[in-house]
Amino acid sequence: MAQHEKLIIVGSGPAGYTAALYASRASLAPLLIEGLQPGGQLTITTEVENFPGFPEGVMGPELMEKFKAQAERFGTKFVSSEVNRVDFSKRPFQLWCDDAHYTADAVIVATGASAKWLGIASEKAYMGKGVSACATCDGFFFRGVDVAVVGGGDTAVEEATFLTKYANKVYLVHRRAELRASKVMQERARNNPRIEFVWNAKVAEVLGDGKAVTGLRLESTQDGKKWVLPVQGFFLAIGHEPNTRVFKGVLEMNEVGYLKVKAPSTRTSVDGVFAAGDVADPTYRQAVTAAGSGCAAAIDAERWLGEHGVH
């Protein structure tokens, strides 16, 4: 038998937790399905300095714990599981996790986005042996050695700057001759004596001895010349992709998979299904904008349920 809920929220970052807070305060008793990474991307972030209300900064995992506790206080129910199939073709909507079947009058999708990989075999071979997509999770293991970060946006510069707390030297490898990162971030990196830029280069191969990373084979994006950069760690920071695979063919999305919403609302292409946070935001992707859209999605869902006689 399926378990029925008025509102199910899929995903548990700032968007999901804020949606849950607003929905539970509106007496909707939402069920939040947390996914594989409860708390979302902020749980793999160290210090968050730009979330309003925390003038001294706050650790990412601590911030998410506070979000969750606040939603819980007003009656949100939590399930530690992942949605692997949905049917939104008729109401009530149906969602399946590994070991459970749910139905819902309305759904908020807040599944976020995940780090991208280069797609070369050697990076997978050395995952956890010197290759990482999260400097804040693994930086501690690279004390006093040389490491490389690949990417050119805010994430790459942030990761490189963070790694200078541990590493002897951080090479920032970028396929162009200029960064996409914000001016403040660029300035910070340029003024850091431990960061060295490697321009117009891409990673062709991750080198190692079978147990650990020993270097990167780099290739010039201008003349194809190859050379080896000796490093003991390699961090990927080349962007994110939305976690929308389970909604393919169900909800309308753009060419790279971000859910489309009918601005200025959070309504998706299916009436009664709403989207919040990074899953529908290729532009800003900030904790505060995710939280704001979670609030909007809960209000949209509450009004929609009211219009359809569910209180």
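Read-outs: derived from the displayed coordinates by stated rules, not from any lab. None of these values were measured; they are calculated from a predicted model. Using ideal geometry, Cβ is built from the backbone for each residue, glycine included, and neighbour counts are taken over all protein chains shown.
Amide H contacts for Ala237 (H built 1.01 Å from N in the peptide plane; partners 5 or more residues away or on another chain; cut-off under 5 Å): Val150.
Between the helical axis of 14-25 and the dominant principal axis of the chain, each derived from Cα atoms, what acute angle in degrees is found, rounded to the nearest 10? Compared with the principal axis, the helix lies near 20 degrees.
Using the Cα centre of the chain as the reference point, and only Cβ charges (+1 on K/R, -1 on D/E), how large is the resulting charge dipole? Debye, rounded to the nearest 20. Write out the running numbers ahead of the final one.
Values: 34 positive and 35 negative charges, 101 e Å.
Once rounded to the nearest 20, the dipole reads 480 debye.
Summary value for the chain: 21 percent relative contact order, contacts being C-alpha pairs under 8 angstrom separated by 6+ residues.
Taking each of Lys66/Lys183; Lys116/Lys202; Lys77/Lys262; Lys77/Lys260; Lys6/Lys68 in turn, the alpha-carbon distance tops 24 angstrom for Lys66/Lys183; Lys77/Lys262; Lys77/Lys260.
Charge dipole of the stretch 117-236 (Cα centre as origin; +1 on each Lys and Arg Cβ, -1 on each Asp and Glu Cβ, all else neutral): 80 debye, rounded to the nearest 20.
Of all DSSP bridge pairs formed entirely within the chain, close to 45 percent run antiparallel.
Around Ala110, with a cut-off of 12 angstrom between Cβ atoms, what is the net charge of the other residues, counting Lys and Arg +1 and Asp and Glu -1? Show your work: numbers first, answer last.
On the way: positive: none; negative: Glu34, Asp278, Asp281.
Surrounding charge for Ala110 is -3.
Considering only the other residues whose Cβ falls under 11 Å of the Cβ of Asn192, what net charge follows from Lys and Arg at +1 and Asp and Glu at -1? So the environment of Asn192 carries a net charge of +3. In the stretch 97-256, the C-alpha radius of gyration followed by the widest Cα-Cα span (Dmax) gives 18.1, 58 angstrom. Electrostatic bookkeeping for Ala296 treats Lys and Arg as +1 and Asp and Glu as -1; over the other residues with beta carbon under 13 Å from its beta carbon, the sum is 0.
Cβ screening of the chain for cysteine pairs under 4.7 Å finds these without a partner: Cys97, Cys295. A dipole drawn for the chain from +1 and -1 charges on Cβ atoms has a positive end, and of Ser89, Val273, Ile238 the residue lying farthest that way is Ile238. For Leu207, the residues 5 or more places off, or on other chains, whose built amide H falls under 5 Å of its own are Thr214, Gly215, Leu216, Arg217. For P(r) over Cα pairs in 20 Å bins from 0, in percent, the value computed from the atomic coordinates appears in the list [x] 35, 56, 9, 0; [y] 32, 50, 18, 0; [z] 29, 58, 13, 0 under label [y]. What you get for the stretch 64-125, charging only the Cβ of Lys and Arg (+1) and of Asp and Glu (-1), is a dipole of about 200 debye around the Cα centre. Bridge orientation summary for the stretch 107-252: considering DSSP beta bridges with both residues in this region, about 45 percent are antiparallel. Helix 287-307 and the longest principal axis of the C-alpha atoms of the chain enclose an angle of approximately 20°.
Taking the longest Cα principal axis of the chain as reference, the axis of helix 60-73 is set at about 10 degrees. Using the Karplus relation 6.51 cos²θ - 1.76 cosθ + 1.60 with θ = phi - 60°, the per-residue 3J(HN,Hα) values for the stretch 205-218 come to 7, 9, 9, x, 9, x, 9, 8, 5, 10, x, 10, 8, 9 Hz, with x marking Gly and Pro.
For a protection proxy built on the mean count of beta-carbon atoms within 10 angstrom, sort 5-11, 166-172, 224-230, 15-21 highest first, please. All intermediate terms of the calculation are to be shown ahead of the outcome.
Numbers: 5-11: 27.3, 166-172: 21.3, 224-230: 11.9, 15-21: 32.1.
Packing proxy ranking, top to bottom: 15-21, 5-11, 166-172, 224-230.
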